[in-house]
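Worksheet: the structure to be examined is printed underneath.
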Ligand code: CP
């Protein structure tokens, strides 16, 4: 394990001024946090992928499921989702259930005492009185980091998992994306050497921002950013990729990229971030895929999407074996179970059980 520091050893101002790469060292020691994609090493990603597969296999049998439910039955988790969510909320909730954690939730700030004027910080501090972990989605970028820092300076320093913050980070989505890529390319050399095309609204998609960084941890990966000019990937992401020596190409022309990509990562227009309906002025029809396009793709290619989708992936693609987005979504439950277990430092119990039990497939 590399060095770790505690969030109660640094002021908020000094912490905020750190680069993303420098922050990760503050999230490792108990209570550990998952806040930004930049905190992960390749080794940690690989361990999480192996653990996710072990949990998935163990859960197939009733006695395995019963074993898993004992692991964190002494813990409670708060699901605080101040923005809409289907997959991230449900898969974290299901992951908690797999491990026996009891969950509480607030899914709308209007139902909490924030409407009486309580600050978001006091609201979170209140949650921390009742649970051992907060899994949170919030519209304000960086707020999950602020929460982790704030709680670390109280007598209830509990773990925080960022389930989507502003338009900047969605680290657990990036983990499930890596798990999906890793499983899909298992028989063709893994993620190393692959070409990944991000397509659609790359300016405001937090999943792309987090995943693009994790791809820098693999060898000889090439990224294509395919988007209309107004929705292209941000300079801040490109600077991070440059600092990591990542090869990438920026284009508005989707057709020539299709046959080159090992994975197409489609995204929808994120018009919830629009100012004055700006998205309605963009023509995004060229950044979509339907059954006609499938013949241009490699046989081993996969089509991913963080979902929800609109028209950028036609439903006639769904039955193609390369359409991976439904499996990708389910993978989220397993990798989040692995992450939560690791957050509480209980992963060795699964590894020991698995070694003795050796479930098939
Ligand atoms: N991918 C994703 O974050 O989906 P939800 O918004 O439904 O959670």
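The values are calculated or read from the model by the stated rules, or taken from the named source; none is laboratory data. As the structure is a prediction and not an experimental result, all values here were calculated from the model. Here the Cβ is made from the backbone with ideal geometry for all residues, glycine too, and neighbour counts use every protein chain on show.
Could you check how many residues of region 90-112 are in a helix (DSSP H, G or I), surrounded by fewer than 21 Cβ atoms within 10 Å (Cβ to Cβ) and within 15 Å of the ligand (Cβ to nearest atom)? Residues flagged as in a helix (DSSP H, G or I), surrounded by fewer than 21 Cβ atoms within 10 Å (Cβ to Cβ) and within 15 Å of the ligand (Cβ to nearest atom) within region 90-112 amount to 3. Once region 171-199 is narrowed to residues that are farther than 22 Å from residue 38 by Cβ and outside any helix (DSSP H, G or I), the residue that is nearest to the ligand (Cβ to nearest atom) is 199. Candidates are the residues of region 337-359 that are assigned to a helix (DSSP H, G or I) and touching a strand residue (DSSP E or B) at 6+ places or on another chain (Cβ under 8 Å); the one that is farthest from residue 263 (Cα to Cα) is 343.
Here residue 249 meets each of (1) surrounded by fewer than 19 Cβ atoms within 10 Å (Cβ to Cβ); (2) not in a strand (DSSP E or B) with one exception, condition (2).
Checked against the criterion of being touching a residue at least 40 places away in the same chain (Cβ under 8 Å), within 16 Å of the ligand (Cβ to nearest atom), buried (at least 20 other Cβ atoms within 10 Å of the Cβ) and part of a helix (DSSP H, G or I), region 29-49 contains one or more residues that satisfy it.
Just to be sure, is residue 73 exposed (fewer than 15 other Cβ atoms within 10 Å of the Cβ) and either touching a strand residue (DSSP E or B) at 6+ places or on another chain (Cβ under 9 Å) or modelled with pLDDT of 95 or more (or both)? Considered against the rule, which asks whether it is exposed (fewer than 15 other Cβ atoms within 10 Å of the Cβ) and either touching a strand residue (DSSP E or B) at 6+ places or on another chain (Cβ under 9 Å) or modelled with pLDDT of 95 or more (or both), residue 73 comes out as yes. Close contacts from region 118-137, counting a first residue that is within 16 Å of the ligand (Cβ to nearest atom) and a second that is in a loop (DSSP other than H, G, I, E, B), with Cβ to Cβ under 7 Å and a gap of 6+ residues or different chains, come to 137/82; 137/83; 137/85. Counting just the residues of region 113-134 that are touching a strand residue (DSSP E or B) at 6+ places or on another chain (Cβ under 8 Å) and assigned to a loop (DSSP other than H, G, I, E, B), which one comes out surrounded by the fewest Cβ atoms within 10 Å (Cβ to Cβ)? Ranking the qualifying residues of region 113-134, first place goes to 130. Can you find a residue that is part of a loop (DSSP other than H, G, I, E, B) and away from the ligand (no atom under 15 Å from the Cβ) anywhere in region 258-273? For region 258-273, residues part of a loop (DSSP other than H, G, I, E, B) and away from the ligand (no atom under 15 Å from the Cβ): present. Please verify whether region 231-242 includes one or more residues that are under 23 Å from the mean Cα position of the chain (by Cα), closer than 21 Å to residue 141 by Cα, crowded, with 21+ Cβ neighbours inside 10 Å and within 16 Å of the ligand (Cβ to nearest atom). Scanning region 231-242 turns up no residue that is under 23 Å from the mean Cα position of the chain (by Cα), closer than 21 Å to residue 141 by Cα, crowded, with 21+ Cβ neighbours inside 10 Å and within 16 Å of the ligand (Cβ to nearest atom). In region 87-111, the residues that are under 15 Å from residue 73 (Cα atoms) reach residues that are within 13 Å of the ligand (Cβ to nearest atom) and part of a helix (DSSP H, G or I) with C-beta atoms within less than 7 angstrom, at least six apart or across chains, in these pairs: 94/333; 95/333; 95/336; 103/93. Restricting the first member to region 313-332 and to residues that are closer than 21 Å to residue 51 by Cα, and the second to residues that are more than 14 Å from the ligand (Cβ to nearest atom) and in a loop (DSSP other than H, G, I, E, B), the beta-carbon pairs closer than 8 Å and six or more apart or on different chains are 326/318. Restricting to region 286-336, give me the number of residues that are part of a helix (DSSP H, G or I), farther than 17 Å from residue 207 by Cβ and away from the ligand (no atom under 16 Å from the Cβ). Of the residues in region 286-336, 10 are part of a helix (DSSP H, G or I), farther than 17 Å from residue 207 by Cβ and away from the ligand (no atom under 16 Å from the Cβ).
Regarding residue 23, is this residue at pLDDT 95 or above, surrounded by fewer than 16 Cβ atoms within 10 Å (Cβ to Cβ) and touching a helix residue (DSSP H, G or I) at 6+ places or on another chain (Cβ under 9 Å)? Considered against the rule, which asks whether it is at pLDDT 95 or above, surrounded by fewer than 16 Cβ atoms within 10 Å (Cβ to Cβ) and touching a helix residue (DSSP H, G or I) at 6+ places or on another chain (Cβ under 9 Å), residue 23 comes out as no.
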